[in-house]
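Comments concern the structure below.
The values are calculated or read from the model by the stated rules, or taken from the named source; none is laboratory data. Computed from a predicted structure; not experimentally measured. Quick reminder, even Gly has a Cβ in these numbers, built from the backbone with ideal geometry, and neighbours come from all protein chains shown. In case anyone asks, the SASA skips ligands and DNA or RNA and just uses the protein heavy atoms, side chains included. Shrake-Rupley method; radii C 1.70, N 1.55, O 1.52, S 1.80 Å.
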Amino acid sequence: MISLAGKKALVVGIANDQSIAYGCAKAFRELGAELAITYANEKVAPYVRPLAEELGASLFLPLEVRDDAQFASLRDTIGSTWGSLDICLHSVAFCPRDDLHGRVVDCSRNGFLTAMDISVYSFVRLVHTMEPLLVPGSACMTVSFYGAEKVVDHYNVMGPVKSALESVTRYMAAELGPKKISVNALSPGPLRTRAASGIPAFDELLERAIERAPTQELASIEDVGAYAAFLAGRAGNVTGGVHYIDGGYNIRG
């Protein structure tokens, strides 16, 4: 039985109770971890705060991922409250709608840079900022998708963006490995989350995923949370990987 008792977990990216980040936070808490949960801005805070309270989060703090000052404030508050950090879960992605719905070859400069900044650089910045608090055995995780590896219809520019996310995961794993800090990417198949609903023809993507997966069903946020908890609690020597939690979706040719 995995236990996260005594561990401190930072979870970034909860939007509602269907969020992958919420599934991970719930799994961490059920296994005994203390939680720090962030919210992007005051507009979404009323939706995230009840979930943080439900999970008994010790800290509920703002983090707009394009604001370096908020990253620093988050680190300082966690440092003064806990002194260290064991788990860092990042589940943040965004692309402007017009660029997300268009061809990769038509993506605007602003759309591409915005998607890379919010979806990829925010993970780099998060790990960089929290590194002084991370202890040997700490686990950093982000969330990717199979569209990083193969072309998935309608995933469009988020495919190259997630590919970049997986690449920085490998490089940071190599750089932090000597400090016994792991860095991994979780790769669920399509899930019914608010963020994913912005993908064009998303219902069609879900149907194809169910048909394609050997299990004939989609993964759940609970499935992702269970795997994240495993990486946080029992997989200290597992790093730099992209871990599929998708009912076998990724093995089909």
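Restricting region 134-155 to residues that are over 19 Å from the mean Cα position of the chain (by Cα) and aliphatic (A, V, I, L, M), which is modelled with the lowest pLDDT? The selected residue is Val152. Here Ser144 meets each of (1) out of contact with any strand residue (DSSP E or B) (no Cβ under 7 Å at 6 or more places or on another chain); (2) surrounded by 15 or more Cβ atoms within 10 Å (Cβ to Cβ); (3) of a type in the set (S, T, N, Q) with one exception, condition (1). For region 230-244, a residue qualifies if it is at pLDDT below 95 and in a loop (DSSP other than H, G, I, E, B), and the qualifying residues are Ala235, Gly236, Asn237. The single condition among (1) within 24 Å of Ala226 (Cβ to Cβ); (2) open to solvent by 50 Å² or more (accessible area, probe 1.4 Å); (3) not polar (S, T, N, Q) that Arg49 does not satisfy is (1). Hey, Val11 hits all of (1) outside any helix (DSSP H, G or I); (2) farther than 19 Å from Val143 by Cβ but one; which does it fall short on? (2) is the only condition that Val11 fails.
Applying a threshold of 8 Å to beta carbon distances and a minimum spacing of six or more residues, or different chains, the list of pairs starting in region 214-231 at a residue that is closer than 20 Å to Glu34 by Cβ and ending at one that is open to solvent by less than 60 Å² (accessible area, probe 1.4 Å) and among the aromatic types (Phe, Trp, Tyr) reads Gly225/Phe28; Ala228/Phe28; Ala229/Phe28. What do you reckon, is Thr193 open to solvent by less than 30 Å² (accessible area, probe 1.4 Å) and at pLDDT 90 or above? Considered against the rule, which asks whether it is open to solvent by less than 30 Å² (accessible area, probe 1.4 Å) and at pLDDT 90 or above, Thr193 comes out as no.
Count of region 160-190 residues, restricted to those that are at pLDDT below 95 and in a helix (DSSP H, G or I), is 0.
Can you tell me which residue in region 60-77 is farthest from Leu126 (Cα to Cα), limited to those that are over 20 Å from the mean Cα position of the chain (by Cα) and touching a residue at least 12 places away in the same chain (Cβ under 8 Å)? Looking at residues that are over 20 Å from the mean Cα position of the chain (by Cα) and touching a residue at least 12 places away in the same chain (Cβ under 8 Å), I get Thr77. Mind telling me which of the residues Leu51, Leu100 ends up being farther than 26 Å from Tyr155 by Cβ and of a type in the set (A, V, I, L, M, F, W, C)? None of the others qualify; the one that does is Leu51. Applying the selection to region 89-137, what residues are touching a Ser or Thr at 6+ places or on another chain (Cβ under 7 Å), in a strand (DSSP E or B) and open to solvent by less than 30 Å² (accessible area, probe 1.4 Å)? Once the filter is applied, which keeps residues that are touching a Ser or Thr at 6+ places or on another chain (Cβ under 7 Å), in a strand (DSSP E or B) and open to solvent by less than 30 Å² (accessible area, probe 1.4 Å), region 89-137 yields only His90. Per the listing Ser58, Ser73, the residue uniquely modelled with pLDDT of 95 or more and in contact with a strand residue (DSSP E or B) (Cβ under 6 Å, 6 or more places away or on another chain) is Ser58. What residue, among those in region 58-83 that are open to solvent by 30 Å² or more (accessible area, probe 1.4 Å) and assigned to a loop (DSSP other than H, G, I, E, B), is farthest from Asp17 (Cα to Cα)? Top of the filtered list is Gly83.
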